[in-house]
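The values are calculated or read from the model by the stated rules, or taken from the named source; none is laboratory data. Just so we're clear, the structure is a prediction, and the values are computed from it rather than from any experiment. A quick note on method: Cβ atoms are made from the backbone with ideal geometry, for glycine too, and the neighbour counts reach across all protein chains shown.
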Amino acid sequence: MGRKRGRDIDGWLILDKPLGPTSTDMVNKLRWSFDAKKAGHGGTLDPLASGVLPIAFGKATRTIPYIMDATKRYRFTLTFGESRTTDDLEGEVLATSPNRPTDDQILAVLPALTGNVMQVPPVFSALRVGGERAYDMARAGRPPELPPRPARIDSITLVERPDADTAVFDVQSGKGVYMRSLARDIALACGTVGHISVLRRTKCGPFDLSHALTIDQISLDKSTQTVDNADALPAPLLDAATALVDIPALAVTDAEGRMLVWGQSIDPLDLVHPLPASSQGEDHLWRAMIGEHVLGLCHVRHGRLRAARMLENHEFFGEHDVDYRRTPHGTDF
């Protein structure tokens, strides 16, 4: 007998990921617990990292790319004096240094590490090199030479110095920034070596710790289910469109919404609620809404408004809706 496909469940669960398991471990565990047909996560956290891990079910998985690209916030502790193979506590010691920077020395190096910078990823990362994962190559004794990659670091704040060996930082960053690399680079810029000893993500796009549930707050034991509560979810979910709240809203009519859902394009000048002239660039995303309901994302391409990624399909408008693929009004020219 094949694996049961699971239920159609839509929404976001924001997990306060514990130390130890991988992000994929937690997705698989919660997908099983929710009996969900489809699930994914909005940005990997290392096993030795905790904090905000957005987990998407059903329609919400369509918005994962926008969470992956979103601004994130972290708090980490940098331990000076030892560099490690993994740039965190998990790795073996590579080098040591007796140097311990002062607060002023730390503050002096942070501006050069802030903004649009080039960052060398950790050797123990999931990047592919010639079809292999970097961490697999490193574990096999063939650590790859990883070239620097563009990274956006919005801010680095020195929060406290618990002692001479450690410093705590808050960081706001864009997509694909490695906190382990940043900790390593801060130490090197201060004339010493170091690694991350504590890492916690406090925000990921619109989601922060106020939205997060610990694994103990989620009902994972299916044996407690009864006939009366068999359809109940182990925890409440946030709406799938919650991931898009930072994207500007565009009110559309039913007819315009149908056209976008059917994959048709619209002349921006024909919109009932026109786009601001300053926001019609081809890199600008809009959250298409009918009333308070989000249909999905749209953008201007080749001078016409088109769907970028829809949460809804034609079923949202009813089984007997007009097929805009076949009507002259919806024809693309």
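Annotations
- Count of segment 61-106 residues which are over 15 Å from Thr166 (Cβ atoms), more than 16 Å from the chain's Cα centre (by Cα) and aliphatic (A, V, I, L, M): 3
- Under the condition of being in contact with a helix residue (DSSP H, G or I) (Cβ under 9 Å, 6 or more places away or on another chain), polar (S, T, N, Q) and assigned to a helix (DSSP H, G or I), the residues counted in segment 179-218 number 0.
- Taking the criterion of being among the β-branched types (Val, Ile, Thr) and within 23 Å of Asp103 (Cα to Cα), the residues of segment 141-187 that qualify are Ile153, Ile156, Thr157, Val159, Thr166, Val168, Val171, Ile186.
- Residue within segment 107-115 that is over 22 Å from the mean Cα position of the chain (by Cα), outside any helix (DSSP H, G or I) and either assigned by TED's automatic domain parsing to the domain that holds Gly141 or in contact (Cβ under 8 Å) with a residue 60 or more places away in the chain (or both) present: yes
- Test result for Gln119, of a type outside the set (Val, Ile, Thr), touching a strand residue (DSSP E or B) at 6+ places or on another chain (Cβ under 6 Å) and more than 30 Å from Ile218 (Cβ to Cβ): yes
- Output for segment 116-139, where each listed residue is assigned to a loop (DSSP other than H, G, I, E, B) and farther than 30 Å from Asp163 by Cβ: Ala126, Leu127, Gly130, Gly131
- Considering the conditions (1) aromatic (Phe, Trp, Tyr); (2) at pLDDT below 95; (3) not assigned by TED's automatic domain parsing to the domain that holds Thr214, Phe76 is excluded by exactly one of them, (2).
- Output for segment 66-107, where each listed residue is out of contact with any Cys (no Cβ under 6 Å at 6 or more places or on another chain) and polar (S, T, N, Q): Thr71, Thr77, Thr79, Ser83, Thr85, Thr86, Thr96, Ser97, Asn99, Thr102
- Gly43 passes every criterion in (1) within 16 Å of the chain's Cα centre (by Cα); (2) assigned to a helix (DSSP H, G or I); (3) of a type in the set (Gly, Ala, Ser) apart from (2).
- Among the residues of segment 163-178, those that are in contact (Cβ under 8 Å) with a residue 40 or more places away in the chain and either assigned to a strand (DSSP E or B) or loosely packed, with under 14 Cβ neighbours inside 10 Å (or both) comprise Ala164, Thr166, Ala167, Val168, Phe169, Asp170, Val171, Gln172, Ser173.
- Odd one out for Asp185 among (1) surrounded by 15 or more Cβ atoms within 10 Å (Cβ to Cβ); (2) within 19 Å of Thr44 (Cβ to Cβ); (3) acidic (Asp, Glu): (2)
- Residue-level analysis places Ser155 outside the set of residues that are under 30 Å from Gly11 (Cα atoms), exposed (fewer than 15 other Cβ atoms within 10 Å of the Cβ) and hydroxyl-bearing (Ser, Thr, Tyr).
- Scope segment 255-282; condition modelled with pLDDT of 90 or more and among the charged types (D, E, K, R); matching residues: Glu256, Arg258, Asp267, Asp270
- Test: residue in segment 87-109 that is at pLDDT below 95, closer than 30 Å to Ala241 by Cα and surrounded by fewer than 19 Cβ atoms within 10 Å (Cβ to Cβ): no
- Which numbered condition Ser210 fails, given (1) farther than 30 Å from Arg128 by Cβ; (2) hydroxyl-bearing (Ser, Thr, Tyr); (3) touching a residue at least 40 places away in the same chain (Cβ under 8 Å): (3)
- Residues of segment 79-106 that are in a loop (DSSP other than H, G, I, E, B) and either assigned by TED's automatic domain parsing to the domain that holds Leu45 or in contact with a His (Cβ under 6 Å, 6 or more places away or on another chain) (or both): Asp87 alone.
- Positions within segment 111-133 being among the hydrophobic types (A, V, I, L, M, F, W, C), at pLDDT 75 or above and farther than 20 Å from Leu188 by Cβ, in sequence order: Leu127, Val129
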